[in-house]
């Protein structure tokens with residue numbers, strides 16, 4: 001049986017979870033269609049999801065139809081949970097992008113479609129809620145072509161649009177208008193088809209057109225548009241046919257070398273870690289010993305249980321084969337984004353959406369709960385690495401990265417309901433970064449007067465291209481330092497750069513190790529040498545922050561703030577009132593286009609100003625303004641430089657750092 005791993009994506013409230021329910025019902029997996037409002041849907045299984053009526057975590061369900069096992073992944077629609085969508089994209093064979101027939105193409109819909117087109121993931125568009133008052137057809141189809149992709153074609157008409165009796169009528173093969181439009185669309189994307197089209201072969205048989213439509217859809221060249229209602233079931237059969245006939249099935253050699261990707265982590269009833277994995281090649285079997293994670297820091301564990309999605313259920317199994325999605329138990333150190341098997345066979349996780357631009361400090365309501373809070377946040381960070389839990393060594397200050405206020409509220413509620421920890425979330429602030437502006441070098445030599453550690457570390461830090469992150473290179477001779485010590489230096493470099501000269505994460509730089517050395521104890525005994533080392537990895541972990549921050553001080557840094565690209569649709573008669581507000585909020589309009597009674601303003605705005613604009617927009621535009629924002633870039637802060645409170649032992653203050661780390665200062669010297 002062929003397998004198709006299918007994602008359901010949409011803007012919040014477009015109806016994707018309801019559509020998931022309807023597809024499961026149509027396939028005979030469930031006996032009744034669950035309701036988001038009643039909190040009894042199959043994929044919204046978390047208590048918070050049922051209370052709030054939104055999807056928070058990606059969930060997998062399975063059904064069989066026409067010889068195909070469809071593993072359906074329902075994803076969150078709220079932009080605060082875009083990280084859940086990002087992790088899913090790399091394991092999908094195809095997508096159904098849901099659009100509301102009433103609200104139309106919304107902000108998150110555009111963000112999602114841009115990512116799908118960039119990644120060339122085959123995508124069908126499903127227009128939901130055709131039974132709702134205010135549902136549109138022609139103008140909505142024009143909006144989809146204008147805002148999502150010009151390569152779309154409606155596969156049906158809707159009779160009784162906007163009424164409970166709305167009925168979807170597929171375009172037939174003998175519909176001359178439809179077949180002509182289909183041929184026009186297909187000719188735009190295939191030279192051979194275009195040549196035949198121009199040669200006058202316009203009367204292509206419908207089976208040939210359908211086959212060519214399937215080929216181009218599977219290559220993400222065109223996006224068929226289906227219509228229906230998840231509530232009434234109208235159009236469901238036609239969508240199911242489109243899913244099985246037009247989207248590609250999973251590929252992979254079950255007998256090949258093992259490779260797969262972990263896209264979700266959850267905890268079982270006993271606290272055990274469960275990894276959701278997509279296998280691209282090979283087979284994972286019960287009791288296999290698996291390597292997982294990056295090649296230079298791979299973990300290993302034994303698979304103690306296997307769960308497989310298929311035939312409408314999630315069942316215990318013996319193996320997960322290439323193309324399948326399943327669950328693995330027993331891999332205690334595994335994380336979201338890890339590869340299993342051959343790390344070189346699967347591309348590293350990619351960034352498809354903007355990183356979080358906000359953060360908040362979290363403290364326990366009761367001081368005695370500090371340890372429990374840290375443990376709970378650590379588990380949540382396992383499930384969502386972009387939370388980026390940051391704390392000092394004593395756990396006195398913990399901060400989280402965020403996409404928005406709803407995400408913060410959900411985390412707070414999760415801590416209370418799932419972990420029994422009452423936490424206080426402080427004011428949300430903008431998350432800045434630091435970039436080096438020059439080159440700095442520093443070194444600490446083994447047995448030096450001011451170096452209490454049994455290690456030599458020399459580092460150089462210099463700027464790197466924007467968006468490159470942090471690179472680590474070695475100029476020291478290969479083998480001059482034991483691998484464990486080299487690993488300790490590299491890991492500590494990344495950890496130390498989480499706080500720069502002004503407390504923000506340092507990025508877009510290259511750190512090069514220029515000097516290394518360690519102490520080894522040698523004693524002659526019975527004609528042999530005992531080469532047990534007196535240096536430890538801890539010496540290198542403790543010394544590296546001092547050297548790196550010394551080099552960073554020489555290089556200097558600039559603090560940069562996140563800037564978003566905005567698309568603002570407002571009534572034309574409010575244009576003059578909106579512009580001064582944009583100016584006060586440091587927004588920079590780039591283009592302005594009038595479209596009848598509305599105007600579209602596009603430009604850039606600091607992330608810190610977006611919330612203020614959202615608050616003022618309804619009053620300025622009589623509730624008709626629509627704002628869309630996506631991450632654009634970081635730019636140097638102008639004016640007062642924001643400083644983030646540092647946490648943990650501070651290597652910028654040598655004496656205090658050494659007192660905290662080794663409880664003494666060599667020679668009782670003051671810090672320089």
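Numbers at a glance
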| read-out | value |
| --- | --- |
| Cα-only radius of gyration and Dmax that characterise segment 181-278, units Å | 20.3, 68 |
| Alpha-carbon radius of gyration plus Dmax, which is the widest Cα pair, for segment 358-421 in Å | 10.7, 29 |
| Approximate shape of segment 223-309 as ellipsoid semi-axes (Cα gyration tensor, √5λ), whole Å, largest first | 35, 18, 12 |
| Contour minus Cα-Cα distance for residue 569 and residue 368 (0.36 nm per residue) | 67.4 nm |
| Inter-label distance for residue 180 and residue 210, nm, one decimal - labels placed 7 Å from Cα along Cα-to-Cβ | 2.3 |
| Shape category assigned to segment 126-256 from the gyration tensor of Cα positions, a/c cut at 1.5 | oblate |
| Protection proxy ranking, peptides 450-461, 325-336, 427-438, average beta carbon neighbours within 10 Å, highest first | 450-461, 325-336, 427-438 |
| CD proxy at 222 nm, helix term only [per DSSP H run n ≥ 4: -39500 (n - 2.57); per residue of the chain; nearest 500] | -8500 deg cm²/dmol |
| DSSP beta bridge pairing in segment 434-555, given as percent antiparallel to the nearest 5 | 75 |
| Rg [Å, one decimal], Dmax [Å, integer] - segment 259-341, C-alpha atoms | 11.6, 39 |
| Relative packing of 62-75, 111-124, which averages over residues the other C-beta atoms within 10 Å, highest first | 62-75, 111-124 |
| Taking all pairs of distinct alpha-carbon atoms in segment 434-555, Kirkwood radius in angstrom | 15.0 |
| Computed over the chain, the ratio Rg/Rh where both radii use C-alpha atoms and Rh is Kirkwood | 1.01 |
| Percent of beta bridges antiparallel (DSSP, the chain, rounded to nearest 5) | 75 |
| Distance in nm between pseudo-label sites at residue 593 and residue 199 (7 Å out along the Cβ direction from Cα) | 3.8 |
| Where Rh is the Kirkwood radius over Cα pairs, Rg/Rh for segment 559-636 | 0.96 |
| Cα gyration tensor, segment 98-181 - rounded (a/c under 1.5), prolate or oblate | oblate |
| Simple spin-label estimate for residue 171 and residue 632 in nanometres, 7 Å along Cα-Cβ | 3.8 |
| FRET efficiency, residue 192 to residue 64 (Cβ-Cβ, R0 41 Å, nearest 0.05) | 0.70 |
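Bear in mind that the values in this text are calculations on the coordinates, not laboratory data. None of the values given here were measured: they were computed from a predicted structure. Because the Cβ atoms are built from the backbone with ideal geometry, glycine has one as well, and the counts that use them run over all protein chains shown.
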